[in-house]
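**Q** Have a look at this one before I ask anything.
The values are calculated or read from the model by the stated rules, or taken from the named source; none is laboratory data. Everything quoted here is computed from the prediction, not taken from an experiment. Don't worry about glycine lacking a Cβ; one is built from the backbone with ideal geometry, like all the others, and counts go over all protein chains shown.
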Amino acid sequence: MDIQRILRMLPHRYPFLLVDRVLEIEKHVRIKALKNVTINEPFFVGHFPARPVMPGVLTLEALAQAAALLSFESADTEPGDDTVVYFAGIDKARFKRPVGPGDQLILEATIDRVKSGIYRYKTRATVDGHIAVEADLMCTMRKVSPT
């Protein structure tokens, strides 16, 4: 899945679109995507100037965006501007390695279960084969009215 399709499926835009490409997807099962982390990311200006580090919460957001792509693809739907995927919970989040400029973040999400419209995913983000972040994410798909 290339960036044009990602842009059609997710409502996020720069600087909050955190998935550059989908490498693998197996409907109803798993997704593998990537985020190229560059020195031009706006958060590096203040986090931290002497040793730039991608905020952990943004790595979790990147994982959630990959999971949302899996949800939309599994539902065989291209959401409109009125459909979003919200966090419903984050469990067992562990930050194992800092992510910095020049890293290629590999985002993996596997559907653990779906119940009452809540998707639960096992996720992890790696850099060079080493785990940077892992977490269990819960998300739900909702229709919203435009403001």
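**Q** Residue under question is Leu63, and the condition is that it be at pLDDT 95 or above, hydrophobic (A, V, I, L, M, F, W, C), surrounded by fewer than 22 Cβ atoms within 10 Å (Cβ to Cβ) and within 20 Å of Val22 (Cα to Cα); does it hold?
**A** Values: at pLDDT 95 or above: yes; hydrophobic (A, V, I, L, M, F, W, C): yes; surrounded by fewer than 22 Cβ atoms within 10 Å (Cβ to Cβ): no; within 20 Å of Val22 (Cα to Cα): yes.
It is false that Leu63 is at pLDDT 95 or above, hydrophobic (A, V, I, L, M, F, W, C), surrounded by fewer than 22 Cβ atoms within 10 Å (Cβ to Cβ) and within 20 Å of Val22 (Cα to Cα).
**Q** Please work out if Ile39 is more than 18 Å from Gly129 (Cα to Cα), in contact (Cβ under 8 Å) with a residue 40 or more places away in the chain and not in a loop (DSSP other than H, G, I, E, B).
**A** Numbers: more than 18 Å from Gly129 (Cα to Cα): yes; in contact (Cβ under 8 Å) with a residue 40 or more places away in the chain: yes; not in a loop (DSSP other than H, G, I, E, B): no.
Taking the combined requirement at face value, the residue does not satisfy it.
**Q** Taking into account only those residues within the range 73-99 that are loosely packed, with under 13 Cβ neighbours inside 10 Å and hydroxyl-bearing (Ser, Thr, Tyr), which is farthest from Ile31 (Cα to Cα)?
**A** Filtering the range 73-99 for residues that are loosely packed, with under 13 Cβ neighbours inside 10 Å and hydroxyl-bearing (Ser, Thr, Tyr), the one farthest from Ile31 (Cα to Cα) comes out as Tyr86.
**Q** Another question, then. Condition first: in contact with a strand residue (DSSP E or B) (Cβ under 7 Å, 6 or more places away or on another chain) and either closer than 17 Å to Val85 by Cβ or hydrophobic (A, V, I, L, M, F, W, C) (or both). Now tell me which residues in the range 10-34 satisfy that. Spell out the reasoning first.
**A** Taking the range 10-34 first, the residues in contact with a strand residue (DSSP E or B) (Cβ under 7 Å, 6 or more places away or on another chain) are 11, 18-25, 28-34.
Selection gives Pro11, Leu18, Val19, Val22, Leu23, Ile25, His28, Val29, Arg30, Ile31, Ala33, Leu34.
**Q** To continue, here is another question. Please state which of the following conditions Thr77 fails to meet, knowing it meets all the rest: (1) touching a residue at least 12 places away in the same chain (Cβ under 8 Å); (2) more than 14 Å from Val19 (Cα to Cα).
**A** (1)
**Q** Checking the condition assigned to a helix (DSSP H, G or I) and in contact with a helix residue (DSSP H, G or I) (Cβ under 9 Å, 6 or more places away or on another chain), which residue from Ile25, Ile31, Ile6 passes? Working first, answer last.
**A** Details: Ile25 fails: assigned to a helix (DSSP H, G or I); Ile31 fails: assigned to a helix (DSSP H, G or I).
Answer to the check: Ile6.
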